[in-house]
2 protein chains.
Amino acid sequence: MNTLNSWLDIAADSDFSIYNLPFGVFSVRGGKPGLGVAIGEYVIDLYGLAALGVFDDLLPDREVLNQPYLNDFMALGKGVTAELRLRLQAWLCDTHSELYRHQELLFEQKEVSMHLPVKVGDYTDFYSSIEHATNVGKMFRDPENALLPNWRHLPVAYHGRASSIVVSGTPVRRPWGQVLPKGASQPVFQPSARLDFELEMAFVIGKNSQLGKPIPIGQAGDYLFGLVLFNDWSARDIQKWEYVPLGPFLGKNFASSISPWVVPMEALAPFRVTGPQQQPPVLPYLQYEGEQNYDIALEVGLRPEGGEETVISRTNFRYMYWNMVQQLAHHTVNGCNVRVGDLMASGTISGPDPHSYGSLLELAWAGSRPLQLAGGESRSFLQDGDTLSLRGHAQKNGMRVGFGEVSGKILPAMEG
Amino acid sequence: MNTLNSWLDIAADSDFSIYNLPFGVFSVRGGKPGLGVAIGEYVIDLYGLAALGVFDDLLPDREVLNQPYLNDFMALGKGVTAELRLRLQAWLCDTHSELYRHQELLFEQKEVSMHLPVKVGDYTDFYSSIEHATNVGKMFRDPENALLPNWRHLPVAYHGRASSIVVSGTPVRRPWGQVLPKGASQPVFQPSARLDFELEMAFVIGKNSQLGKPIPIGQAGDYLFGLVLFNDWSARDIQKWEYVPLGPFLGKNFASSISPWVVPMEALAPFRVTGPQQQPPVLPYLQYEGEQNYDIALEVGLRPEGGEETVISRTNFRYMYWNMVQQLAHHTVNGCNVRVGDLMASGTISGPDPHSYGSLLELAWAGSRPLQLAGGESRSFLQDGDTLSLRGHAQKNGMRVGFGEVSGKILPAMEG
């Protein structure tokens with residue numbers, strides 16, 4: 001890898017280095033949203049740049065950059081999206097570029113609003129961390145047989161709700177719901193008392209597949225546009241009462257939050273690593289080649305209202321038992337089709353030790369060992385006013401490729 | 001109710017009587033799809049009619065009728081959609097109307113193609129027939145305690161896949177998947193051997209709600225645009241191996257089929273009936289007023305390749321334990337939002353007797369009593385080449401309001 005030097009001043013620890021260049025949707029002072037790319041403290045206005053004619057040979061229509069979502073741009077394919085990104089990278093290192101001459105197209109991130117980057121068609125949530133699935137199984141089922149029989153044979157998943165996916169910064173209201181009090185036989189209706197987060201990552205689909213035609217695992221990578229941080233907010237008490245036999249529903253679908261910048265797979269390629277060995281061996285349609293896990297350091301911060309933030313978990317995306325090409329091959333093996341803008345989340349990412357768990361449920365072990373926060377408070381579940389933030393970045397040989405953060409503040413439940 | 005007499009010749013047993021006037025999306029000879037209304041053997045071309053200026057006082061833009069989906073039209077609200085339908089009804093009875101003068105705007109149904117009528121944002125499947133839930137519980141769990149503890153307290157539901165919803169007539173390919181053979185500890189990968197249908201109805205959302213704001217049950221009706229027939233194709237063997245603990249996934253998401261005509265709630269109002277008594281009493285947010293069930297006769301036909309059709313089930317939508325306003329109030333009680341075009345299916349509709357069950361799983365009791373077909377064949381599950389059709393209609397005081405049908409033919413699995 002050559003070292004790239006930009007004429008722009010970029011902090012060494014910036015998530016948005018010259019090696020990253022993630023895509024998002026931004027607006028300035030209430031104006032029309034359009035596509036942007038993050039670099040250092042700035043956002044590059046892609047539509048403004050396109051007005052200079054610099055993408056005319058690449059794009060069928062400049063208007064694809066003047067949209068409220070990335071979908072139409074992603075649908076042009078990696079031949080276009082990856083090439084556009086490489087041009088930006090070159091121009092950011094070239095003082096003779098149009099971009100250098102037009103620095104008015106760089107907006108400070110702190111002065112723009114970020115929007116939900118993708119119009120999500122279908123959202124699927126996997127359950128692919130063996131540590132998380134084991135922890136949940138130990139708490140709620142049999143500690144000796146924590147994993148269910150199917151878990152090592154297929155990447156378990158369920159369909160989630162697309163309408164309630166929101167961008168980082170959107171507050172999350174504590175949901176009401178039915179809850180079965182301990183020892184009771186009749187449910188009560190109340191605000192959730194066991195509100196939790198789930199640390200996840202999610203990939204965005206950048207290419208349509210055809211109904212009835214599975215995506216072979218060797219081609220699955222072509223369908224992955226990029227990755228975001230994902231918080232699968234969960235109301236554990238609502239979920240517990242409702243989820244047998246058809247899975248989570250109201251315990252999850254009140255909100256899920258994603259980070260505003262979609263980091264393209266090209267930027268993450270240097271951080272590929274080998275995944276855990278899978279035992280027993282998986283069926284042929286799930287056998288993959290090469291390194292399909294990613295070394296992405298993740299952390300979770302919890303800040304009580306008016307207080308300071310405590311980092312309550314540090315883990316890594318590399319621990320995932322099932323990787324993304326396996327997830328996509330499995331999802332489509334029955335002929336289910338995917339569409340540009342579909343979102344597929346990893347499931348809670350827990351690491352092997354108790355400080356690397358990806359939910360309060362696990363970190364405080366179902367409330368049995370409350371977490372101590374820096375300010376003296378403790379938490380078993382989220383309280384009103386808490387702000388929960390997920391952050392992630394990959395780093396290697398002086399290159400840093402980060403995701404920024406996804407954060408959300410808990411608002412009190414509506415009046416009953 | 002006044003008797004309405006149309007100048008158009010409409011068969012007495014037509015599903016598409018003057019009292020119905022359902023909305024759909026059609027095209028003629030490969031042309032651009034647009035909105036239509038079914039009447040007798042015909043489709044009224046709404047965009048063509050709009051070109052005469054007859055809706056100019058009603059629609060902000062005629063182009064809303066020149067779309068590939070009903071969504072933008074539905075989003076105009078019932079003030080517009082119900083009024084437009086009433087005008088058509090009046091014009092169809094008036095030989096001085098523009099429609100009478102422009103009968104070239106009536107296309108024979110047999111010469112048009114029908115399309116998926118709605119762009120589905122999120123699709124939810126409920127599980128609201130007590131007979132179905134009881135049958136499944138008896139077969140797979142405890143015959144003495146067939147219903148799970150939560151079932152009578154909330155309308156159980158899960159999120160399904162929107163991308164693979166197809167319109168009637170679309171063939172359905174038998175899916176491959178992981179299956180656990182009886183007595184085995186390792187799954188095998190094979191085409192599903194237990195392919196089934198599920199007789200359901202689904203309602204289409206015609207109004208957006210706001211994230212964080214529940215829809216009170218008294219207002220839920222405002223959000224219901226209309227109803228379709230829905231076949232939730234199911235691969236029972238794939239589902240059985242995958243569904244614990246997060247619910248059905250690949251056993252369902254390879255395809256779901258809907259009927260092309262959306263029957264508006266206004267047309268169904270005369271067929272409202274009282275639903276089953278709910279015991280124990282439901283929580284206040286699920287308590288409703290008035291008649292919220294609908295008397296809609298349903299039947300299922302199965303036709304083997306080259307053979308004749310056998311009607312294998314006759315039942316009625318009125319049996320549903322949980323009604324639509326309860327389903328919608330529950331779905332949003334945690335703040336989950338709904339959007340125009342969302343689809344919410346009822347779950348399998350089974351009646352009280354064995355000839356009224358809504359799936360082969362129940363009709364053939366998990367394969368233990370194969371169903372005899374008219375041509376001499378028998379079925380426990382669907383075979384390649386089978387065509388499965390769901391039909392439904394309401395009838396009362398000389399008024400008939402029907403749904404036509406949703407049908408699909410099973411194609412053999414892809415080559416391995």
Completion exercise
Taking region B:185-206 and keeping only residues that are more than 13 Å from every other protein chain (Cβ to nearest Cβ) and over 16 Å from B:F381 (Cα atoms), one is left with B:E200, B:M201, B:A202, B:F203, B:V204, B:G206
Fill in the blank from the handout: If we keep only residues of region A:158-184 that are within 11 Å of another protein chain (Cβ to nearest Cβ) and of a type in the set (D, E, K, R), then the residue nearest to B:D125 (Cα to Cα) is A:R161
Practice task
May I ask you to say which residue of B:Q178, B:Q186 is assigned by TED's automatic domain parsing to the domain that holds B:L302 and touching a helix residue (DSSP H, G or I) at 6+ places or on another chain (Cβ under 6 Å)?
Solution key: B:Q178
Handout entry: Selected residue (only one of A:P143, A:P181, A:P171 is in contact with a Lys or Arg (Cβ under 7 Å, 6 or more places away or on another chain), open to solvent by 40 Å² or more (accessible area, probe 1.4 Å) and not hydroxyl-bearing (S, T, Y))
Key = A:P171
Practice task
Answer yes if at least one residue in region B:152-164 is of a type in the set (K, R) and touching a Cys at 6+ places or on another chain (Cβ under 9 Å), and no otherwise.
Solution key: yes
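Residues checked against (1) touching a strand residue (DSSP E or B) at 6+ places or on another chain (Cβ under 7 Å); (2) under 30 Å from B:G347 (Cβ atoms); (3) away from chain A (no Cβ under 14 Å):
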| position | (1), (2), (3) |
| --- | --- |
| B:L46 | yes, no, yes |
| B:V54 | no, no, yes |
| B:P68 | yes, yes, yes |
| B:D72 | no, yes, yes |
| B:L86 | no, no, yes |
| B:A90 | no, no, yes |
| B:E108 | yes, no, yes |
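Every residue, every condition in (1) out of contact with any helix residue (DSSP H, G or I) (no Cβ under 7 Å at 6 or more places or on another chain); (2) of a type outside the set (A, V, I, L, M); (3) within 14 Å of chain B (Cβ to nearest Cβ); (4) within 21 Å of A:E200 (Cβ to Cβ), yes or no:
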| residue | (1), (2), (3), (4) |
| --- | --- |
| A:W261 | yes, yes, no, yes |
| A:A267 | yes, no, no, yes |
| A:R272 | yes, yes, no, yes |
| A:Q277 | yes, yes, no, no |
| A:P280 | yes, yes, yes, no |
| A:L283 | yes, no, yes, no |
| A:N293 | no, yes, no, yes |
| A:I296 | no, no, no, yes |
Practice task
For region A:214-225, indicate whether the set of residues that are more than 14 Å from chain B (Cβ to nearest Cβ) and free of Cβ contacts under 8 Å to residues at least 60 places away in the same chain is non-empty.
Solution key: yes
Exercise for the section: Could you figure out which of (1) more than 18 Å from the chain's Cα centre (by Cα); (2) of a type in the set (A, V, I, L, M); (3) part of a loop (DSSP other than H, G, I, E, B) isn't true of A:V340? Expected result: (1)
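The values are calculated or read from the model by the stated rules, or taken from the named source; none is laboratory data. This structure is a prediction, so every number in the text was calculated from the model and none was measured. Cβ atoms come from the backbone with ideal geometry, glycine included; neighbour counts cover every protein chain shown. In case anyone asks, the SASA skips ligands and DNA or RNA and just uses the protein heavy atoms, side chains included. Shrake-Rupley method; radii C 1.70, N 1.55, O 1.52, S 1.80 Å.
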